Amino acid sequence: ETDSIATTPSATETVAGKAKIATTEIAQAGTNDTDFLTAKKLRDAFKSPLLGLNQKWVNKKTSRVANTNYQNNTGKNLYFAGSGANEVSGQVSQDGVTWVVQFYLGRSGTVSGGGVGIVPSQWFYRINGGFLAWWEMEDV
């Protein structure tokens with residue numbers, strides 16, 4: 001049987017032949033056009049850090065505190081959103097010390113607004129100021 005495999009051509013879109021199963025990493029990279037996917041590899045590829053896929057918005061207002069650092073331990077990127085007024089900001093930090101503003105809501109005395117930020121895996125995030133709403137994407 002080994003001899004017959006050695007002489008079998010590689011499979012293509014137009015030629016029947018032998019093929020190689022892609023690894024999950026190859027499937028997630030999405031650049032290989034010669035290996036094929038099994039149903040499991042396809043499912044595993046979609047477990048990668050794709051924002052919003054198989055996720056839903058969850059209201060975190062009662063479980064989050066303004067000006068408090070939280071860490072994204074989900075193993076993938078995380079959406080977070082907030083609304084407020086009077087200089088509310090959504091921020092992210094790789095080290096919990098140096099912060100980057102991802103959204104800024106209003107100046108002192110202005111009406112409320114909203115914003116969305118993305119938190120890389122293992123990064124920290126917070127909303128500073130008096131937020132009116134706090135939402136995060138979670139797996140369903």
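The values are calculated or read from the model by the stated rules, or taken from the named source; none is laboratory data. The structure presented is a predicted model; accordingly, all values stated were derived computationally and were not measured. Cβ atoms come from the backbone with ideal geometry, glycine included; neighbour counts cover every protein chain shown. Accessible surface is based on the protein model in full, side chains and every heavy atom, while ligands, DNA and RNA are left aside. Shrake-Rupley method; radii C 1.70, N 1.55, O 1.52, S 1.80 Å.
Brief remarks on what is shown
- Top-ranked residue of the range 17-32 - restricted to ones that are of a type in the set (Gly, Ala, Ser) and touching a Ser or Thr at 6+ places or on another chain (Cβ under 9 Å), ranked as farthest from residue 43 (Cα to Cα): 17
- Within the range 129-140, residues that are farther than 12 Å from residue 52 by Cβ and outside any strand (DSSP E or B) reach partners that are open to solvent by 30 Å² or more (accessible area, probe 1.4 Å) and at pLDDT below 85 with beta carbons closer than 6 Å, at six or more positions or on different chains, in the pairs 129/87.
- For the range 103-125, the candidate set comprises residues that are in contact with a Ser or Thr (Cβ under 8 Å, 6 or more places away or on another chain), part of a strand (DSSP E or B) and at pLDDT below 95; within that set, the residue that is most open to solvent (accessible area, probe 1.4 Å) is 104.
- Top-ranked residue in the range 11-47 [being among the charged types (D, E, K, R) and over 29 Å from residue 75 (Cβ atoms); ranked as modelled with the lowest pLDDT]: 13
- Filtering the range 53-98 to residues that are on the phi > 0 side of the Ramachandran plot and open to solvent by 30 Å² or more (accessible area, probe 1.4 Å) leaves 54, 67, 75, 86, 87.
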